[in-house]
Amino acid sequence: MALLSRVAESLFWLGRYVERAENTARLLDVAYHGRFEPTDQGVAGALNTWEALIATLGLHDVYFDGERTASEADVVHYLTVSAENSSSIVSSLSQAREAARSVRDFLSSETWVAVNRMYHATSRANIQLIKADGLYDFCDSIRQGAHLFAGAVDGTALHDEGWHWLRAGLMVERADMVTRIVDSKYHLLLQSLDDIGSPVDRYQWGALLRSVSGYEAFVRTHVGGVETEAVVEFLVLNPAFPRSLRACVEALVEALQEATAGADPRARNRVLKAANGLTNRLRYETVESLLDGGLHEYLDAVQIELANVTDEVGAAFFWTNADESEQIQTQAS
Amino acid sequence: MDGLWRTYDWGTGYDELFATPGVPRPHARALVEALSRLDAGAIEDRKRRAELAMLNLGITFTVYSESSGVERIFPFDLVPRIIDGNEWSRVEKGLKQRVLALNHFLQDVYNERKIIDAGVIPADVVYNSPNYQQAVVGFTPPKQAWAHISGIDLVRDADGTLYVLEDNARTPSGVSYVLQNRILSTRTFPSLFSEVSVERVSDYARVLHDAVRTLNPDGPAVVLTPGIYNSAYFEHTYLAKQMGVQLVEGRDLAVRHGRVLMKTTRGMIPVGSVYRRIDDEFLDPVAFREDSMLGVPGIFQAYRSGGVALVNAIGTGVADDKSVYPYVPEMIRFYLGEDAIIPNVPTYRTAEEKAREYVLAHLRDLVVKPTNASGGYGVVIGPQSDEETLRKTAEQIRANPEGFVAQPLIRLSTCPTLIDGQVVPRRVDLRPFVIYSGGEPWVLPGGLTRVALREGSFIVNSSQGGGSKDTWVTHGAA
């Protein structure tokens, strides 16, 4: 049975929203626990932890447009429960649930219940509760919920076209978030050669590794310690670490290949061309050339390409951003 | 009688399971005995678990009030309502007869208008109905079938007589609860089903799918939902899943060259028939309400030219209009040459001067209903209303006599219902579902029993604090 475009799109976004909630929780958790660590307030251009977090998530302009300050209380509120922020944890999960409801006849009961539970648990949460329980418990429950969701998706859903769309959405979001996490170093500390290798620098890279659950894997495989080159290589180029940029992008390409198998070649090729361009960029890159060209610029380019893949998918398969009549003729001819 | 039943007393009315206190009706004996072996606490516990499962699974409906929609589960009562197979075969005949007559009526009032020419129904009753759809005048749908799915609400009075309370010929809902309730009750009383022979309800989705497809086999059937905010969204997803068809929203469909196409990741695919759960007015912004965001532009034209079948047909609302209802027995006589097997509740049309005078003088004893509303909204029960309400109702009737009908209060039969660990009498109605696609109508054995969970209440609607029960039809004479 052919999959409705709307259903494919909702599944894609369901994956993205859950992943977004999880990643926001991970970043918050790391920032929260980093409060007591050394900072670089003295360095010109460096941002405080909370402001850097807002910048990492690409929310800098929107955030400072209002009355908000870069204080812990304001930032935590904005990223967890704020309804004004459409990518706060609570907003992401309500959108995830809405997407899930609209396709619930396609989801396994376990998957639906996993989303529904996360939603019920967080929609009741309020900022006082988060303060009282500590942010850690809140973030942890989001992470656990997301794992349960991922387990239900993998273990109980039919691995059909819809499943591949959901995975594609999840991987796009995860890849995008990795670029942001690595790039956050840029916001924390405008690169100056003096700082590289300093204790602050090492601490910050360590925190980034923790935010993607990569610290333990990293130290096990890198006896040399937490050095910039090694961390960047690990987070961006290592194909074996499941949350590295390269691993996410490869998983994304695989999901897109499966999801579009047998589709009109014109639609399919558009999508795969964009996605494969990204894989090639990562597969044949070295960390030296990457750092030489500027890490921030590199990650920026990857983000643009990821957005481009999403646009191509939307235009070719979800009937969004596309001239509908042109689509229909394409399919009919 | 032991345990649960020792204190069961329903007063002077008709009880569905008991003939006299302590003496179950013959067809209910096995159930009553089995229940008396169970401990009320254990049943309550099973009930709580069933309801929690329903919430987590999102088996909910939405209640609309002035503020906002709230998701609730439709409370499920574990004590089933049982209907004797012999009585049911008579009811089944009555329902088939009624649904056939309603379909003849629809075909007639949009085409030859014989029933009006013959003076059986006044022209203004039909043509002044807000549900008479000008757009389908002169149109004949496939197989002359209009109301493919009907829900005919039945109530039983104190003397045991079953009446038709109202017809629902647009998009009656509730059948998903019939199917869910059966699953819940077989889980709760697994052994009972081997003792009592109960007609199965699981054929519904297959019969429905066959009926929908028959109307236009050229392409797959789909279920069209207004979307996740609709109060019956759960039912829409459930039926689509059970039928094995796509659940679509308006924006998933487009009309090209007289066909309705659905947008898929593999291109546009033509659709044969649409089981739409969207009201006529919202179905097509080109033909009906322009501001509808739910509909499919152009679907009406495609329908009229035969490119797609719609289930139910457009314009069926005139058949379940409360001002048309009093004429249904005459309709049956006119089209089928038969007497109505299931009688109507006597109904006063306040549009008629004499009836209006009577109604205004006897408001205290009557039930007043708006002619163009459903779900129990706007119903005023005379014997349970205060002076102020009656005065306002009288005012409304004088201002808009066409807008109301009145009926004597039917003392709805009771059925044992489990409340806080006690079995107590609560009033019930019954909504059987009938499927028709030309040929002989098919009736789902039993239907949805709704129960007024509040003590003394006569209102069983889910939106007004009602719950539901599984409905068992025992095997008949066979």
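The values are calculated or read from the model by the stated rules, or taken from the named source; none is laboratory data. Not measured: the values here are computed from a predicted model. Cβ placement follows ideal geometry from the backbone for every residue including glycine, while neighbour counts extend to all protein chains displayed.
Taken together, B:Ile152, B:Ile121 contain a single residue that is in contact (Cβ under 8 Å) with a residue 12 or more places away in the chain and in a strand (DSSP E or B), which is B:Ile152. For region A:196-212, check the following and say yes or no: at least one residue is of a type in the set (Val, Ile, Thr) and either under 19 Å from the mean Cα position of the chain (by Cα) or at pLDDT 80 or above (or both). Taking every residue of region A:196-212 in turn, at least one turns out to be of a type in the set (Val, Ile, Thr) and either under 19 Å from the mean Cα position of the chain (by Cα) or at pLDDT 80 or above (or both). The residues of region B:127-154 that are of a type in the set (Ser, Thr, Tyr) and either buried (at least 23 other Cβ atoms within 10 Å of the Cβ) or touching an Asp or Glu at 6+ places or on another chain (Cβ under 6 Å) (or both), listed by number, are B:Ser129, B:Ser150. Scanning region B:431-443 for residues that are in a loop (DSSP other than H, G, I, E, B) and either free of Cβ contacts under 8 Å to residues at least 60 places away in the same chain or not hydroxyl-bearing (Ser, Thr, Tyr) (or both) yields a count of 5.
Of the residues that sit in region B:89-124 and are surrounded by fewer than 14 Cβ atoms within 10 Å (Cβ to Cβ) and among the aliphatic types (A, V, I, L, M), which one is nearest to B:Gly151 (Cα to Cα)? Looking at residues that are surrounded by fewer than 14 Cβ atoms within 10 Å (Cβ to Cβ) and among the aliphatic types (A, V, I, L, M), I get B:Ala123.
The residues of region A:1-16 that are part of a helix (DSSP H, G or I) and at the interface with chain B (Cβ under 7 Å from one of its Cβ atoms), listed by number, are A:Ser5, A:Arg6, A:Ala8.
Residues being out of contact with any Asp or Glu (no Cβ under 6 Å at 6 or more places or on another chain) and in a loop (DSSP other than H, G, I, E, B) are entirely absent from region B:421-430.
Screening the candidates B:Thr60, B:Thr12 for the property of being more than 30 Å from B:Gln144 (Cβ to Cβ), modelled with pLDDT of 80 or more and surrounded by fewer than 20 Cβ atoms within 10 Å (Cβ to Cβ) yields one hit, B:Thr12.
Of everything listed in (1) surrounded by 16 or more Cβ atoms within 10 Å (Cβ to Cβ); (2) in contact with a strand residue (DSSP E or B) (Cβ under 8 Å, 6 or more places away or on another chain), the single unmet condition for B:Ile381 is (1).
One line per residue, one yes/no per condition, for (1) over 27 Å from B:Trp442 (Cα atoms); (2) part of a loop (DSSP other than H, G, I, E, B); (3) within 11 Å of chain A (Cβ to nearest Cβ); (4) not polar (S, T, N, Q):
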position	(1), (2), (3), (4)
B:Arg200	no, yes, no, yes
B:Val207	no, no, no, yes
B:Thr214	no, no, no, no
B:Tyr229	yes, yes, yes, yes
B:Thr237	no, no, yes, no
B:Arg251	yes, no, yes, yes
B:Val286	yes, yes, no, yes
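In the set (1) within 26 Å of A:Lys185 (Cα to Cα); (2) of a type in the set (A, V, I, L, M, F, W, C); (3) within 14 Å of another protein chain (Cβ to nearest Cβ), the condition left unmet by A:Ala121 is number (1). Only one entry of B:Asp167, B:Asp157 meets the criterion of being in contact with a Gly (Cβ under 9 Å, 6 or more places away or on another chain), crowded, with 21+ Cβ neighbours inside 10 Å, of a type in the set (D, E, K, R) and closer than 23 Å to B:Pro326 by Cβ, and that entry is B:Asp167. Against the numbered list (1) assigned to a helix (DSSP H, G or I); (2) surrounded by 20 or more Cβ atoms within 10 Å (Cβ to Cβ); (3) under 20 Å from the mean Cα position of the chain (by Cα), A:Arg243 comes up short only at (1). Among the residues making up region B:204-249, those that are more than 17 Å from B:Phe282 (Cβ to Cβ) and in contact with a Pro (Cβ under 9 Å, 6 or more places away or on another chain) are B:Arg213, B:Thr214, B:Leu215, B:Asn216, B:Asp218, B:Gly219, B:Pro220, B:Val245, B:Gln246.
Yes or no, residue by residue, for (1) over 24 Å from A:Met171 (Cβ atoms); (2) modelled with pLDDT of 90 or more; (3) crowded, with 19+ Cβ neighbours inside 10 Å; (4) more than 14 Å from chain B (Cβ to nearest Cβ):
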| residue | (1), (2), (3), (4) |
| --- | --- |
| A:Gln41 | yes, no, no, yes |
| A:Trp50 | yes, no, yes, yes |
| A:Leu57 | no, no, yes, yes |
| A:Phe64 | yes, no, no, yes |
| A:Asn85 | no, yes, yes, yes |
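Total residues in region B:253-278 satisfying the condition of being out of contact with any helix residue (DSSP H, G or I) (no Cβ under 8 Å at 6 or more places or on another chain) and more than 10 Å from chain A (Cβ to nearest Cβ): the figure is 2. Determine whether A:Pro265 is without any contact (Cβ under 8 Å) to a residue 12 or more places away in the chain, within 14 Å of another protein chain (Cβ to nearest Cβ) and not acidic (Asp, Glu). The answer is yes for A:Pro265.
Do we have A:Asp183 as part of a helix (DSSP H, G or I) and out of contact with any Asp or Glu (no Cβ under 9 Å at 6 or more places or on another chain) here? For A:Asp183, the condition - part of a helix (DSSP H, G or I) and out of contact with any Asp or Glu (no Cβ under 9 Å at 6 or more places or on another chain) - is not met. All of (1) closer than 27 Å to A:Ser94 by Cα; (2) in a helix (DSSP H, G or I); (3) in contact with a Phe, Trp or Tyr (Cβ under 9 Å, 6 or more places away or on another chain) hold for B:Tyr303 with one exception: (1).
Note on region A:87-115: among residues that are facing chain B (nearest Cβ under 10 Å) and of a type in the set (Asp, Glu), the one that is farthest from B:Tyr229 (Cα to Cα) is A:Asp105.
Any idea which residue in region B:382-424 is farthest from B:Ser185 (Cα to Cα), counting only those that are among the polar types (S, T, N, Q) and in contact with a Ser or Thr (Cβ under 8 Å, 6 or more places away or on another chain)? Here the residue is B:Thr393.
All of (1) among the hydrophobic types (A, V, I, L, M, F, W, C); (2) surrounded by fewer than 21 Cβ atoms within 10 Å (Cβ to Cβ); (3) without any contact (Cβ under 8 Å) to a residue 60 or more places away in the chain hold for B:Val271 with one exception: (2).
For region B:330-342, the tally of residues that are surrounded by 14 or more Cβ atoms within 10 Å (Cβ to Cβ) and either of a type in the set (A, V, I, L, M, F, W, C) or touching a Pro at 6+ places or on another chain (Cβ under 9 Å) (or both) stands at 7. Of all the numbered requirements in (1) part of a strand (DSSP E or B); (2) over 18 Å from the mean Cα position of the chain (by Cα), B:Phe139 misses one, and that requirement is (1). Note on region B:239-249: residues that are outside any helix (DSSP H, G or I), within 7 Å of chain A (Cβ to nearest Cβ) and out of contact with any strand residue (DSSP E or B) (no Cβ under 6 Å at 6 or more places or on another chain) total 1.
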